[in-house]
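The values are calculated or read from the model by the stated rules, or taken from the named source; none is laboratory data. The structure presented is a predicted model; accordingly, all values stated were derived computationally and were not measured. Note that each Cβ is placed from the backbone with ideal geometry, even for glycine, and that neighbours are counted across all protein chains shown.
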Amino acid sequence: MAQAIEPVLFDKSVEGIDPATVGQVTLSSGKIMPVAAFGTFHSDWAQDYMKDATLEAIRLGWRHIDTARAYENEEVVGEAIRQAVKEGYISSADDLFITGKLWNGHMSPEDVAPAMDSTLKALGVDKIDLYLNHWPWPNVHTPGCAGDHRNPDAVPYIHDAFMETWGEIVKLKKAGKTVDIGTSNHTEACLKLLLADVAADERPVCNQMEMHPLMQQTLLRGYMESEGIVCTGYMSLGSPKRPSRDTFKEHRADLMDPVIQSIAAELGVSPARVSLSWAVQRENKSGGFVAMAARSDWIVENLRAASEDLLSDEQLLRISGDGSEANPGIDANNRLIWGQVFLWPEADGDWRILWDDSQVFKTRADYQKFKAAFNEYDKVKKETAFRG
Ligand SMILES: NC(=O)c1ccc[n+]([C@@H]2O[C@H](COP(=O)([O-])OP(=O)(O)OC[C@H]3O[C@@H](n4cnc5c(N)ncnc54)[C@H](OP(=O)(O)O)[C@@H]3O)[C@@H](O)[C@H]2O)c1
């Protein structure tokens, strides 16, 4: 449940950044996307506070807003957009690039169009720029649930079921409700199956996924880029305020990493700035990032990473590495979202199965066959395995 928070006063004396100086990427559709997206998820906030943060982000020059049905605050983000027009920060919502996401609970084909209509109504716009399928499967958890929450109806990626959802998402694009379509949290196997089954104008143009200096996803990024899919990274600062269900003792903090800290000291900037500059500059500036902040100075500092290059090639190499012993980089596969609340029964409690493509199925029949075999294995295991 959202907690009451201490009101934070945004500092209107902080000067913004000219949005025209903020970097952009060209999507495979030819459309232009600002590389820096202001995130609108915050688990601990009273939701109306997000209105003030989004309004402040627009005042300070952010023109890409990342939203989702799952964040349960599209209405307040919509209010912020209308207020920004009233204040004269933008002339209309058309000045913004808005990303929205189809929630897992709305992936049944008959639910997709109504979900989009609710999103458009809540945001107060006729169309958005990019609509992402939030997760590859229809598994839901209750908002704010604890880490041990399990949904017995959860399933792995089943391609023929997913294609029914994707077909509806494509229709939304053809109806002009979204300019472009994309995915989020999709792995290489899911994307390969999708790309094999769609026409050129039905392909995802972007995949939004967890990406930060200690979780670089180099191989997945390389695959997507080779397919013309832009990779946008979320939790780009290592999500220091993420919900407790996504916090584990194994996790390391990106902003405390010695290499990030030493580069920050060399340049006289914060570790946050180094992390976001890495997110923008890597791979010749072909990707993007989502970040959120609740203070005017951080909001503007984060956007500056997208408008001024900061890191030298040598500093980028120290973070990214090049696969050689001399330049290992700092990637630690430090995944913050384990997704354990989405686990299906046959994953047998192992969250890594969510990400390692070992349980991805082409058809419902294939999955039913696997499920029957698993249930038999599980039954025999319970009958025979010694539990001391
Ligand atoms: N597609 C998906 O499945 C998915 C999943 C997760 C997140 N997202 C998107 O990604 C966005 C960002 O994720 P996130 O908020 O978890 O991670 P994040 O952007 O890495 O971290 C944000 C936190 O970092 C702090 N911060 C911001 N700027 C800072 C600075 N310059 N110096 C020091 N600390 C700073 C902020 O603290 P304060 O709050 O105190 O300002 C904020 O709470 C979300 O809002 C959402 O839009 C998408």
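Which one of F370, F374, F386, F342 is among the aromatic types (F, W, Y) and loosely packed, with under 13 Cβ neighbours inside 10 Å? Give the derivation first.
Values: F370 fails: loosely packed, with under 13 Cβ neighbours inside 10 Å; F374 fails: loosely packed, with under 13 Cβ neighbours inside 10 Å; F342 fails: loosely packed, with under 13 Cβ neighbours inside 10 Å.
Sole residue among the options that is among the aromatic types (F, W, Y) and loosely packed, with under 13 Cβ neighbours inside 10 Å: F386.
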Determine which member of the set F10, F41 is out of contact with any Phe, Trp or Tyr (no Cβ under 7 Å at 6 or more places or on another chain), part of a loop (DSSP other than H, G, I, E, B), under 30 Å from S244 (Cβ atoms) and touching a residue at least 24 places away in the same chain (Cβ under 8 Å). F10
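I need a count of the residues in the stretch 192-219 that are at negative phi and touching a strand residue (DSSP E or B) at 6+ places or on another chain (Cβ under 7 Å).
The initial filter retains those residues of the stretch 192-219 that are at negative phi, namely 192-216, 218-219.
Right, trim to touching a strand residue (DSSP E or B) at 6+ places or on another chain (Cβ under 7 Å) and you get 204-212.
Selection size over the stretch 192-219: 9.
Kindly check whether there is at least one residue in the stretch 119-133 that is closer than 24 Å to Q359 by Cα and in contact with a Phe, Trp or Tyr (Cβ under 8 Å, 6 or more places away or on another chain).
At the first step, the residues of the stretch 119-133 found to be closer than 24 Å to Q359 by Cα are 132-133.
This time we only want the ones that are in contact with a Phe, Trp or Tyr (Cβ under 8 Å, 6 or more places away or on another chain), so: 133.
Looking for residues that are closer than 24 Å to Q359 by Cα and in contact with a Phe, Trp or Tyr (Cβ under 8 Å, 6 or more places away or on another chain), one finds at least one in the stretch 119-133, hence yes.
Here's the yes/no breakdown for (1) in contact with a Ser or Thr (Cβ under 9 Å, 6 or more places away or on another chain); (2) over 30 Å from R304 (Cβ atoms):
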site: T54; (1), (2): yes, no
site: V76; (1), (2): yes, no
site: S91; (1), (2): no, no
site: L96; (1), (2): no, no
site: K101; (1), (2): yes, no
site: D126; (1), (2): no, yes
site: W137; (1), (2): no, yes
Conditions first: (1) surrounded by fewer than 22 Cβ atoms within 10 Å (Cβ to Cβ); (2) part of a loop (DSSP other than H, G, I, E, B). V170 passes all but one, so which condition is the exception? (2)
In the stretch 63-110, what residues are closer than 21 Å to A36 by Cα, polar (S, T, N, Q) and part of a loop (DSSP other than H, G, I, E, B)? T67, N73, S91, S92
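Can you tell me which of A57, A53, A115 is small (G, A, S), over 22 Å from G167 (Cβ atoms), assigned to a helix (DSSP H, G or I) and touching a helix residue (DSSP H, G or I) at 6+ places or on another chain (Cβ under 6 Å)? Step through it out loud before you land on a result.
Values: A53 fails: touching a helix residue (DSSP H, G or I) at 6+ places or on another chain (Cβ under 6 Å); A115 fails: over 22 Å from G167 (Cβ atoms).
Only one candidate qualifies: A57.
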Is one or more of the residues making up the stretch 255-277 under 23 Å from I98 (Cα atoms) and either within 13 Å of the ligand (Cβ to nearest atom) or not in a helix (DSSP H, G or I) (or both)? yes
On the given criteria, is R304 basic (K, R), modelled with pLDDT under 95 and within 14 Å of the ligand (Cβ to nearest atom)? no
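Among the residues that make up the stretch 261-272, is at least one of them under 28 Å from E188 (Cα atoms) and either crowded, with 20+ Cβ neighbours inside 10 Å or among the hydroxyl-bearing types (S, T, Y) (or both)?
Here is the first cut: in the stretch 261-272, the ones under 28 Å from E188 (Cα atoms) are none.
Within the stretch 261-272, not a single residue is under 28 Å from E188 (Cα atoms) and either crowded, with 20+ Cβ neighbours inside 10 Å or among the hydroxyl-bearing types (S, T, Y) (or both).
Of the residues in the stretch 238-263, how many are in contact with a strand residue (DSSP E or B) (Cβ under 6 Å, 6 or more places away or on another chain) and within 23 Å of I65 (Cβ to Cβ)? It would help to see each step written out before you state the result.
Here is the first cut: in the stretch 238-263, the ones in contact with a strand residue (DSSP E or B) (Cβ under 6 Å, 6 or more places away or on another chain) are 238, 254.
Subset that is within 23 Å of I65 (Cβ to Cβ): 238.
The total comes to 1.
For the stretch 222-248: of the residues being assigned to a helix (DSSP H, G or I) and surrounded by fewer than 21 Cβ atoms within 10 Å (Cβ to Cβ), which is nearest to the ligand (Cβ to nearest atom)? Working first, answer last.
Restricting attention to the stretch 222-248, the residues satisfying the condition of being assigned to a helix (DSSP H, G or I) are 222-226, 244-246.
From the residues that got through so far, the ones that are surrounded by fewer than 21 Cβ atoms within 10 Å (Cβ to Cβ) too are 222-223, 225-226, 244-246.
Values: G222: 20, Y223: 18, E225: 18, S226: 22, S244: 13, R245: 12, D246: 8 Å.
Ranking the candidates gives D246 first.
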Give A84, A80, A53 a once-over and let me know the one that is within 12 Å of the ligand (Cβ to nearest atom) and in contact (Cβ under 8 Å) with a residue 12 or more places away in the chain. A53
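Filter the stretch 181-193 for residues that are more than 11 Å from the ligand (Cβ to nearest atom) and either in contact (Cβ under 8 Å) with a residue 40 or more places away in the chain or more than 18 Å from L27 (Cα to Cα) (or both) and give the result. Explain how you work it out, then say what you get.
Keep residues of the stretch 181-193 that are more than 11 Å from the ligand (Cβ to nearest atom), which gives 181, 187-193.
I181, T187, E188, A189, C190, K192, L193 - these are the residues of the stretch 181-193 that are more than 11 Å from the ligand (Cβ to nearest atom) and either in contact (Cβ under 8 Å) with a residue 40 or more places away in the chain or more than 18 Å from L27 (Cα to Cα) (or both).
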Scan (1) surrounded by 15 or more Cβ atoms within 10 Å (Cβ to Cβ); (2) at pLDDT 95 or above for the single condition V140 breaks and write down its number. (2)
